[in-house]
1. Yes or no: residue 193 aromatic (Phe, Trp, Tyr), modelled with pLDDT of 95 or more and touching a strand residue (DSSP E or B) at 6+ places or on another chain (Cβ under 9 Å)?
2. Specify which of the listed residues (28, 66) is touching a Lys or Arg at 6+ places or on another chain (Cβ under 7 Å) and within 13 Å of residue 269 (Cα to Cα).
3. Identify all residues within the stretch 222-245 that are surrounded by fewer than 16 Cβ atoms within 10 Å (Cβ to Cβ) and either within 23 Å of residue 292 (Cβ to Cβ) or free of Cβ contacts under 8 Å to residues at least 60 places away in the same chain (or both); write none if there are none.
4. Out of the stretch 34-44, which residues are more than 14 Å from residue 71 (Cβ to Cβ) and either touching a residue at least 12 places away in the same chain (Cβ under 8 Å) or buried (at least 18 other Cβ atoms within 10 Å of the Cβ) (or both)?
5. Could you pull out the residue among 129, 104, 113, 93 that is surrounded by 23 or more Cβ atoms within 10 Å (Cβ to Cβ) and out of contact with any Gly (no Cβ under 7 Å at 6 or more places or on another chain)?
6. Being modelled with pLDDT under 95 and in a strand (DSSP E or B) is the filter; apply it to the stretch 132-165 and report the residue that is farthest from residue 229 (Cα to Cα).
7. Look through 158, 107, 195 and report the one residue that is farther than 29 Å from residue 342 by Cβ and charged (D, E, K, R).
8. Looking at the stretch 246-261, which of its residues are within 30 Å of residue 68 (Cα to Cα) and surrounded by fewer than 23 Cβ atoms within 10 Å (Cβ to Cβ)?
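The values are calculated or read from the model by the stated rules, or taken from the named source; none is laboratory data. From a predicted model like this one, the values you see are computed outputs, not experimental measurements. Cβ atoms come from the backbone with ideal geometry, glycine included; neighbour counts cover every protein chain shown.
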Amino acid sequence: MAVLLALACAQTAGAAAAPVLRVLAWPGYAEPEVVHDFEARTGAHVELTVIDTDESMWQRLNANGGGDFDVFAVNTAELQRYIRAELVQPVDPALVPNTRAQLPRFRQRSSIPGLVHKQGGVAQTYAIPFTYSEMGLIYDKRQVGIPPTSIAALWDKRYQGKVLAYGGGTHSFSLAAQMLGAASPFKIEAPMWPRTVDALIDLRRNVLGFYNQPEESISLFRRHGAALMYANYGTQQLHLLKAQGVDAGYVIPREGALAWLDCWAVTRRAREPALAHAWIDLLLGEQASRLLVSRQGLANTTTESDSSRPEVRLLWLEPVEDAGRREALWARIRSGDRASRVLAP
C-alpha cells in the first residue's frame, strides 16, 4: 500500500510525463511480458539495459556514481564492492510484500553472506534475493552409468579428455580448494596454495577444454562427446543440453556446491526509489518467477526445487582473498606452466 501511495503521488505530481525506471539486468531477467505488466500497473516506462559480465556492470554503475540507474541485479559477492563504494542504498523489505512468499532460506537474509550490514548500529538489508544456481555436475548418462557423487570426479582419469570445466580463474581456485577440503574455498590459506595449484594443473591435464559462456559449453559438450562437465551455470546448462536432445543428468556433489545468488539492489542515487521497490516486488511475483524456470532454466526464490531443500549444502559466493592473484596464476596454469613456475614471483 505504501508503495502504491508513493507511486500515485509521483504520478500526480508529474502527470505530464510518465516516470522512467532505469533497470540494469542480466539476459532473461526482465522478460517482455513482465516489463509490460509493470508498465501497465504503474504507468511508468521501463528503460532496460542488459549486460553480460560483472565488469561491464561495474563500469556502467561506477561511471556516474550509480546515477544512471535505479535498480540492478547483482550477485552477493559482487554486491560487496557496491556497498563499499557507497553506490547502493538499503532496501526496505516492508515495501516488497512478495518477500513473504519466498522460501525460508531466502527470507532469512541475515544468514546469507553479504546481504545484511549494520549501519549506525542498525542491521540494513542491501538486496533482495531473486534467482540462483548452484554449480553442480552434468554428466552424459550414456557414458557415465553411475551418477558421480563428488567433485573429485572431474579429476578421475577414467574421464580424461572427456571433461569440460569453466574457464574463470577465481571460481576454478574455489573449486579446487573445495575439493581439497579447505575450511573456506573463498579464503585460501598460505600453506594450501601449492596444493591448490597442483590440483588445478592436474585438472588442466584431465579436461578436453574450458568454456566461458553457457552456449559455448553446450556446443563443446555435443561436438566432442563430453562425459562430464562442471556446470558453472548449473541447471541453465542442463536446460540447454536437454533442449538439444542430450540425455544428461545433474547432481550436486556431497561436498556441497558453490552457488551464485543474484539479487535486486537499489542504487544510492535512484531517481525513482518507490518504483524500484515496486519493480523488485513484481519480479518476485508468479509470472516472473515462472518464466525464470521455464525459459531460462534457472531457479527462483519462491518455488521448491531439488537444490532448495534445506539439507542441500549451497556455498553462496563470497569475495575471495585475492582475485588478482588467482587470475594471474590461472593464466600460467592454463598456458601449461609447471607448478614451480606458476608460483614463482
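1. no
2. Being touching a Lys or Arg at 6+ places or on another chain (Cβ under 7 Å) and within 13 Å of residue 269 (Cα to Cα) holds for just one of 28, 66, which is 66.
3. Within the stretch 222-245, 222, 223, 242, 243, 244, 245 qualify.
4. Once the filter is applied, which keeps residues that are more than 14 Å from residue 71 (Cβ to Cβ) and either touching a residue at least 12 places away in the same chain (Cβ under 8 Å) or buried (at least 18 other Cβ atoms within 10 Å of the Cβ) (or both), the stretch 34-44 yields 37, 41, 43.
5. Step by step, each of 129, 104, 113, 93 is checked, and only 129 is surrounded by 23 or more Cβ atoms within 10 Å (Cβ to Cβ) and out of contact with any Gly (no Cβ under 7 Å at 6 or more places or on another chain).
6. Of everything passing the filter in the stretch 132-165, 132 is farthest from residue 229 (Cα to Cα).
7. 107
8. Correct list: 259, 260.
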